[in-house]
Structures are given as C-alpha cells and as structure tokens.
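Encoded as structure tokens, the structure appears first; notes follow it.
Any read-out appearing in this document is the output of simple, stated calculations on the displayed coordinates, not a laboratory observation. Note that the structure is predicted; figures quoted are calculated from it, not measured. With ideal geometry, Cβ positions are generated from the backbone for all residues, glycine too; neighbour counts draw on all protein chains shown.
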Amino acid sequence: MRYNHYGSIIGEGYISMFHPLLPPTTWGRWRLDWGLRTHVMGIINVTPDSFSGDGILGDETEQTALRALEQARAFVAEGAILIDVGGESTRPGFAALPLEQELNRVIPVIKLLAKQLPPEVIISIDTYKAEVARQALEAGASLVNDIWGLQRDPAMASLVAERGVPVVLMANMRGYEKREIVSDVMRFLARSIELALAAGVAWERIIVDPGIGFGTTPEENLTLLRRLGELRSLGRPLLLGTSRKSTIGLVLGNLPPSERLEGTAATVALGIAQGADIVRVHDVREMMRVVKMSDAIVRGSFQATPVNQEEKRK
C-alpha cells in the first residue's frame with residue numbers, strides 16, 4: 001500500500017482524492033520520480049558572502065573546487081541526489097555579480113564535480129543568467145535553478161528548451177506589487193510556466209519553487225509554508241528552500257544561521273506533509289533523517305532495515 005502527498009491510498013484499486021502521482025521527469029541518463037519519496041538537494045555556495053555562512057570561495061580556484069568536491073561527496077554519501085552550485089549570493093541587498101566573475105567561480109567546480117561524482121547525481125546550476133547556465137550545462141550540469149523563474153534573462157527559456165533539461169522556476173517577489181502572498185506567488189509561477197512552455201520546455205521538465213524569503217516578509221513566509229499545498233494546483237513538482245532562512249531565526253528568538261537546524265527541520269517536515277517533492281538544504285545528513293521520517297508517515301514509504309541478530313542480543 002502506498003500513499004500520495006496527502007495520505008490518500010494509491011494502488012490496490014483506490015484513486016487519489018486529491019492529486020495523482022505526477023509522471024517522472026526523465027532526460028539523458030537521469031530520472032526523478034515524484035510522490036514516492038522526497039529528493040534532497042545539497043547546497044554548494046561558491047561565494048564569500050552566503051547568508052548562511054557556508055560560502056567556500058577561496059583565493060585559489062583549484063582549492064575552491066576541491067573544497068566543493070569534498071562537500072559534494074559528503075552530501076551524496078549522506079543521501080543527496082541533487083547538488084546545487086551557485087556563484088552569486090542572493091542574500092537581501094546583494095549586488096549582482098559580473099558575468100565573468102560568476103563563470104570563474106562556478107565552471108571549475110562543476111567540471112570537477114561532473115568528473116568525480118557518481119553518474120546518477122544531478123548537478124544543478126543556480127543562476128538567472130543564460131550565459132552562465134549555458135556554460136554550466138556544457139561543463140556537466142544537468143538542471144537549471146533560476147531564482148527569477150525565466151523572467152530576468154529573456155534568453156534563459158529558449159536555452160533550457162534547446163538543451164532539454166529540467167528547470168526550477170522560483171517565484172521572486174522582489175520589486176513585485178504584492179496583494180495577497182499565495183495568489184501573488186501563484187500568478188508569478190503561472191507566468192513563468194507559460195514562458196517555459198512557449199519557449200518549448202517540456203511540461204514534465206518544469207519544477208516550481210515558492211521562493212521563501214525572496215521579497216517576502218516573515219509573516220508571508222509562514223503563510224506560504226502553511227498553505228504550500230495550494231501550489232499543487234499548478235500541476236508541477238514543488239521544490240522547497242527554507243534551510244537556515246532568516247524567518248526561522250526570527251521565530252526562534254533571533255538565532256544566527258548556525259543555530260537554525262531544528263527550525264529548518266520543522267519546515268522540511270511540514271513542507272513534505274504539504275506536498276514538497278525536493279528540499280534544498282545545507283545540512284544534508286540531519287535533513288535526510290527528517291525526510292526519511294516524514295516520508296514514512298506521509299508517503300507510507302517505510303521499509304524496515306533487517307537487524308543483525310548479534311546486535312539485537314547486545
């Protein structure tokens with residue numbers, strides 16, 4: 001017996017009361033199945049100024065790439081199937097990075113990861129610039145994560161369509177005239193989806209992200225989390241990125257990013273209960289445990305691990 005995002009029984013003659021399981025996303029040698037488990041995306045920030053304090057950028061390109069590889073290998077060993085590489089900080093008040101500087105940060109890292117990581121691992125490029133995405137895909141990335149949902153660089157949609165890779169369309173409320181946050185996000189994402197489809201991006205290769213913390217207040221972030229399930233009506237898989245976000249620190253008494261682990265865990269668990277398909281996180285080992293427990297409850301995915309009899313007697 002298996003369950004969908006909302007706990008409705010699927011299979012064995014039952015029909016989901018809400019949304020059916022979405023068809024898998026397939027491209028090249030990669031495949032993402034939806035609804036049976038939550039996928040974990042590990043974050044690699046090739047920056048000196050990440051809000052979360054985990055930027056790995058150093059003075060030497062080779063050393064930076066080696067640090068990224070070490071981090072990525074640890075993430076994969078801990079259960080991540082996606083590795084998201086970004087070279088430009090998107091913290092509030094950030095300054096846009098010149099194109100060449102962003103390329104110099106991310107391309108050596110992606111080339112090394114593509115050579116060294118297991119072939120089933122999906123390397124994502126976190127950028128809104130089409131030229132960065134193009135060179136990243138040539139270097140070995142296989143997914144584009146656009147924080148402006150194809151609405152910043154007009155060349156991005158056609159590039160994604162041409163390369164036949166999945167794209168994460170994130171809602172970004174910076175500079176957006178907001179009225180009611182859930183409907184605002186829905187409208188933004190609907191427009192991004194239309195841009196993708198008009199350019200020729202396959203429906204099955206579109207993923208959406210509500211954009212927690214991107215032009216949204218703490219109250220709006222909590223509302224989006226509370227009503228995350230409403231975004232399922234868009235008919236596409238959901239990526240949720242709440243890891244170490246400032247709203248968590250604020251709710252827990254102005255805690256710094258390094259002390260937001262438990263708050264992040266709460267958002268991940270409740271996000272999965274609301275239908276999140278991918279969680280983008282800094283702390284893969286801990287969040288993988290949260291994912292497994294949440295999936296066991298929400299998706300009915302629990303399978304007991306055989307216990308060694310010698311260990312049992314101890």
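Fewest neighbouring Cβ atoms within 10 Å first, the residues Phe94, Phe75 line up as Phe94, Phe75.
Taking a ≥ b ≥ c as the square roots of the Cα gyration tensor eigenvalues, with a/c under 1.5 meaning rounded and otherwise prolate when a/b beats b/c, else oblate, which class fits region 115-180? It comes out prolate by the Cα gyration axes. Between Gly93, Gly235, Gly215, where does the largest GNM mean-square fluctuation fall for the chain, given springs only between Cα atoms within less than 10 Å? Residue with maximal mean-square fluctuation among Gly93, Gly235, Gly215: Gly93.
Think of it as helices only: each DSSP H run of n ≥ 4 in the chain is worth -39500 (n - 2.57), and spread over all residues that comes to -12000 deg cm²/dmol at 222 nm. In a fully extended conformation the segment linking Ala198 and Arg289 would gain 28.8 nm over its present Cα-Cα distance, using 0.36 nm per residue.
In the structure shown, the pairs Lys178/Lys292; Lys129/Lys245; Lys111/Lys178 are assessed against 31 Å; a Cα-Cα span above that value is assigned to Lys178/Lys292; Lys111/Lys178. Based on C-alpha pairs under 8 angstrom that are at least 6 apart in sequence, region 36-302 has a relative contact order of 19 percent. Highest-first packing order for the peptide set 167-176, 204-213 is 204-213, 167-176, based on the mean count of other beta carbon atoms within 10 Å. Applying 1/(1 + (r/R0)^6) with r as the Cβ-Cβ distance of Ser233 and Phe302 and R0 = 22 angstrom yields a FRET efficiency of 0.20.
Can you list the DSSP H helices in the chain whose Cα atoms extend at least 15 Å along the helix axis and whose mean Kyte-Doolittle hydropathy is 0.5 or higher? Helix filter hits for the chain: 181-199, 261-273, 284-298.
Put in line by how crowded their Cβ is, counting other Cβ atoms within 10 Å and starting with the fewest, Leu150, Leu270 read Leu270, Leu150. Cβ crowding within 10 Å ranks Asp295, Asp33, Asp277 as Asp33, Asp295, Asp277, fewest other Cβ atoms first.
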